[in-house]
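One structure is given here, and the rest of the page talks about it.
All of the numbers you see were taken from the coordinates with simple rules; none came from a lab. Just so you know, these numbers come straight off a predicted model, no measurement behind them. Please note: Cβ atoms are built from the backbone with ideal geometry, for glycine as well, and neighbour counts cover all protein chains shown.
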């Protein structure tokens with residue numbers, strides 16, 4: 001229930017009256033946990049957040065970074081001591097979140113490159129003894145998720161994130177699936193080599 005004054009009127013502005021507040025007053029209300037006030041702040045500064053994110057990570061990933069930044073802004077508002085400094089504080093927070101995202105992306109790229117190098121090295125080592133058609137046949141015998149993951153990654157060149165979107169998996173789940181798929185393919189290749197040795 002909203003508190004009322006002696007005249008019977010609410011001391012707390014109705015949500016539609018939030019637009020009349022200046023930025024500092026709105027920040028103070030949002031910092032106290034007022035979700036409607038925070039929504040008004042997002043309406044005023046969401047474009048700035050998105051623009052800052054685009055400058056740091058590019059248009060393709062800016063929406064994700066902006067959403068992450070807005071979540072951290074909401075959680076961190078109570079720690080803002082000077083509401084008048086909100087815009088500068090917001091800008092630094094968005095840049096920090098974007099930098100963290102860039103670092104995570106760089107780590108993912110390293111993992112992806114290592115996986116690609118590993119598979120290419122194995123393929124090159126077997127190129128003289130294992131026909132490409134045979135390798136495709138062995139891949140086709142793997143379980144659907146493993147088979148699709150290998151094809152999407154090494155034939156179509158998709159990233160782990162893109163494979164995750166297709167399979168509804170997280171990056172770490174895709175990474176685990178790819179390791180299992182490579183191990184399963186390696187076993188199939190070893191079995192094929194053993195069979196050839198027995199028939200030689």
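Of note:
- The calculated FRET efficiency for residue 19 paired with residue 68, based on their beta-carbon distance and R0 = 25 Å, is about 0.45.
- The simple spin-label model puts a point 7 Å past each Cα toward its Cβ; for residue 159 and residue 141 those points are separated by 3.5 nm.
- Judged by the mean number of other Cβ atoms found within 10 Å, the most tightly packed of the peptides 182-188, 27-33, 58-64, 147-153 leads the ranking 147-153, 27-33, 182-188, 58-64.
- Scaling against 2.2 N^0.38 Å puts the C-alpha radius of gyration of the stretch 15-103 at 1.06.
- Rounded FRET efficiency, nearest 0.05, which uses the C-beta distance separating residue 92 from residue 167 and R0 of 30 Å: 0.25
- Protection proxy ranking, peptides 101-107, 45-51, average beta carbon neighbours within 10 Å, highest first: 45-51, 101-107
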